[in-house]
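To start, the structure under review is shown below, and the notes come after it.
Coordinate-derived values only; no laboratory data. Given the structure is predicted, the values throughout are model-derived calculations rather than measurements. FYI the Cβ positions are ideal-geometry reconstructions off the backbone, even for glycines, and counts take in every protein chain you see.
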Amino acid sequence: MNIKINLPEFSIAVLITVTMILFYIYHYFAHSSFLTKYFEKKVEYSHLKKEVLYFLTKKISGFIIMGVLAGILYKLIMNSSLEQMGLNINHLINNLSLILILIAVITAITFISQRSKPEQNLVQMDIKEWNLSLFLIDAVGWTVYLIGYEFLFRGILLFECCKSFGFWPAIAINVAIYSAIHMVNGKSQAIGALIFGSIACYFTLSRGTILIPIFMHIALSMTADYFSIKMNKNLRFI
């Protein structure tokens, strides 16, 4: 059988493959024994300092791999403009009311979820007593990481799939991948990713901006951490 290489089809196939490779590189680095042992050897650091630096290292590396590196490869592979992703002040202003509504809904859902299971701890830093400074570090880490994460998945991958396959197939591909990579965290997160991903993808493409899923995802992570600290009896604000 003769296989003819169609350049646009080949490019999107490479892009999808590279997207998964970049995520796997980040995932295995962030969860590697090398990174864990590196901070364990820092005996001069307090437990608090180790947890903060470990957390920030994972989040910043995610931004570099899925944001900066992905952006460079994207320009090389697809030679496309980043303007299509709606990263400007006009898109923010035009979608501000929708963003605020979605944040309110996400906050209510995470509150109800944590209240029904107050024993669950979704915070990634092993810290029992929290203050404003620590929570701001947590917020900055998640924000930096999620900008890179959304840039790769709801930006590069989603918009290019939409150009190649159309609106709904692009959403289906994105949600399938997004849900699959959350399966390692359990059934509830995989199902949650399915729902969250569908909503995020729909508004991203229908409104033409990745600012919506970025704010959605930051709100989800921050409210989950906040309510974990407030409701889990083993954690507290001081």
When the Karplus curve 6.51 cos²θ - 1.76 cosθ + 1.60 is applied with θ = phi - 60°, which whole-Hz ³J(HN,Hα) does each residue of the range 45-57 get, with x for Gly and Pro? 8, 6, 4, 4, 5, 4, 5, 5, 5, 5, 4, 5, 4
3J(HN,Hα) from dihedral phi, the range 178-193, Karplus parametrisation 6.51/-1.76/1.60, rounded to Hz, x for glycine, proline: 4, 5, 4, 6, 9, 5, 5, 8, x, 4, 5, 6, 5, 5, x, 5
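Checking the table 49/233; 49/187; 59/187; 41/75; 37/59 against a 28 Å threshold on Cα-Cα, which pairs fail? Write out the running numbers ahead of the final one.
Working: 49/233 23 Å; 49/187 33 Å; 59/187 24 Å; 41/75 39 Å; 37/59 18 Å.
49/187; 41/75, as the Cα separations exceed 28 Å there.
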Mind listing the phi-derived Karplus ³J(HN,Hα) values for the range 164-176, rounded to whole Hz, using 6.51, -1.76 and 1.60 with θ = phi - 60°, and x for any glycine or proline? 8, 10, x, 4, 6, x, 5, 5, 4, 4, 5, 5, 4
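Once fully extended, how much extra length lies between residue 64 and residue 233, figured as 0.36 nm per residue of separation less the alpha-carbon to alpha-carbon distance?
Details: separation 169, 0.36 × 169 = 60.84 nm, distance 3.53 nm.
That works out to 57.3 nm of additional length.
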On a 0 to 90° scale, report how tilted helix 211-231 is relative to the longest principal axis of the chain, with both axes built from alpha carbons and the result rounded to the nearest 10. 20
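Please report 223, 107, 209 as a ranked list, fewest other C-beta atoms within 10 angstrom at the top and most at the bottom. Display every interim value, and only then the final one.
Numbers: 223 20, 107 17, 209 24.
Lowest count first: 107, 223, 209.
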List 45, 149 from most exposed to least, where exposure is judged by having the fewest other Cβ atoms within 10 Å. 45, 149
Once amide hydrogens are built 1.01 Å from N within the peptide plane, the residues lying 5 or more places from residue 209 or on another chain with amide H under 5 Å from its amide H are none
Of all the Cα-Cα pairs you can form in the chain, what percent are over 33 Å apart? 21
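Work out which GluC sites (Glu not before Pro) in the chain are exposed loop sites (DSSP not H, G, I, E or B, at most 15 other Cβ within 10 Å) and give the longest gap free of them.
Working: sites that count: 44, 119.
No qualifying site falls inside 120-238, the longest such stretch.
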Within the under-12-Å Cβ sphere about residue 154, not counting residue 154, Lys/Arg +1 and Asp/Glu -1 give a net charge of -1
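Two decimals is fine: what's Rg over Rh for the range 38-163, C-alpha atoms, Kirkwood radius as Rh? Walk me through the numbers before you get to the answer.
Working: Rg = 18.2 Å, Rh = 17.4 Å.
That ratio equals 1.04.
Give me 161, 201 sorted ascending by neighbouring Cβ count inside 10 Å, so fewest comes first.
With the fewest neighbours first, 161, 201 line up as 161, 201.
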Nearest 10 degrees, 0 to 90: what angle lies between the long axis of helix 132-150 and the longest principal axis of the chain (Cα atoms)? 20
